[in-house]
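Comments concern the structure below.
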Amino acid sequence: MSATDKSGVDTMSRVIQVPRLALTGGGYAAWRPNMEVYLQRAGAEDIHKEPMDEQEWLTTSAQVREWARQADKEALALVLGAASSGSSGSQGNGDKGSSLVQGEMVREARRRVTALVERSRKVFGSLFEALPEELRVQVAHLPQGWAYGLWHWLETKYQNTEEDCVNDLIKQWMELRMEEEESFDAYRARVNRINSLLELAKEKPSARQYSFTLTDKLHPRFRQAVLALKASGQLKDAAMVQWDAVTAFINAHERSEHRLAAAEGQGAEHLAMAVRSGSSGHAGNRADGKNRTQPQQRGNDGEEQGNFDGRRPRTLAEVQCFNCEKYGHVSNRCPLPPGRAAGGAGSWKGPRPGGGGGSKQEQVGKTSAAAARSATEFVASVRQVNERDAAVQEVLDAFASDWSEEEDDCWSRRSARRSAATTLA
């Protein structure tokens, strides 16, 4: 709990910054609720709203000052011993008791009036501190400490001169719409803020306008939730809407949307990781296959340029032709036709394809046969594509020819009609 001084004003208000009244932006309408909260926390107890005319304030504050001077004199006399100790003994017991009661009541009344004046002075000081320099000059004629007078002066001034500010608030209200990444609570706070400012400016929107702005101007991702609320009848009577229940329902929908979005994001991330790992695996397999099927690099003349394992490259004299089974050249430079080996069919001395064995020559033979089949299939597919394209082109040419003939006939008939019309004219 915060401590209060003898005047009832919260001492914590001395360390809380006073809201400053800005001449631009929301102006007085935006400043007033903040200032009321500050004064309430400071223990003002609405002293600035209690009607008190200027003469009443001057009289009351002067009397409090007089009481203070009298109390100071009495205290000084008591300290100095100037009061007579026997003067009170001549009175009767009854008169003495009634005098004590009456004196206590008077002192209590004085304390209450003094506390009221002190609160008014402190509130006046806070209000004056919140004003900009331009307004401080304009309120210099008001008596010091008259909180009601300063507050009433501000109300009168700004209720008559803030027409532009009210128009700006109405424009902001009409342009309210939920942003892309804005939460429902944040949007509702914006709506409530402008609604409160319009209420202070005597331009409070109706209950139907408030309901429309808070539900029908939400982001499209809340459309299902709003339709559910309308179907359930919770938004039927705008003046009786339980906005706390509506807010709880929309917040639950918002949380479910967030969970679904997070789950979809995790699924997409896992799929991307799987695709990346699969691509790297295929790349590694292709690289391994390339190293297996192409263990050596050959020059244009058929000579080997070297192995990847650092062994000595073979010479051309050590290379055997797969076609004629002779050494000194490769099969693509064999002088004999393909399949016409010198020893006739079946003269290959090495292991048969598919008959076991894992020599390097057999592996190269298998690779060459597979490459030949792939090349044959590729040529056949290209031939089919070319034939299909030729057929399509024939159809397009025939269509273009027919269209050209029809267009020529159309222009001929049109020219004949024009000639006939000219002749008749």
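If you check ALA225 against the conditions, is it without any contact (Cβ under 8 Å) to a residue 60 or more places away in the chain, hydrophobic (A, V, I, L, M, F, W, C), surrounded by fewer than 14 Cβ atoms within 10 Å (Cβ to Cβ) and more than 23 Å from ARG32 (Cα to Cα)?
No: the conditions fail for ALA225.
Given the condition charged (D, E, K, R), exposed (fewer than 14 other Cβ atoms within 10 Å of the Cβ) and at pLDDT below 85, answer yes or no: does some residue in the range 8-15 qualify? Outline the logic, then answer.
Applying the first criterion (charged (D, E, K, R)) to the range 8-15 yields 10, 14.
Narrowing further to those that are exposed (fewer than 14 other Cβ atoms within 10 Å of the Cβ): 14.
Filter once more, so that each one left must be at pLDDT below 85: 14.
Yes - at least one qualifying residue is present in the range 8-15.
For the range 153-180, which residues satisfy the criterion of being at pLDDT 90 or above and open to solvent by 60 Å² or more (accessible area, probe 1.4 Å)?
MET174, GLU175, ARG177, GLU179
Here are the criteria: (1) over 29 Å from the mean Cα position of the chain (by Cα); (2) over 17 Å from LEU21 (Cα atoms); (3) open to solvent by 90 Å² or more (accessible area, probe 1.4 Å). Tell me which single one ARG121 does not satisfy.
Result: ARG121 fails condition (3) only.
The values are calculated or read from the model by the stated rules, or taken from the named source; none is laboratory data. All values derive from a computational prediction rather than experimental measurement. When we count neighbours, we look across all protein chains shown, and the Cβ atoms used for this are built from the backbone with ideal geometry, even at glycine. Heads up: the accessible areas ignore ligands, DNA and RNA and are worked out on the full protein's heavy atoms, side chains in. Shrake-Rupley method; radii C 1.70, N 1.55, O 1.52, S 1.80 Å.
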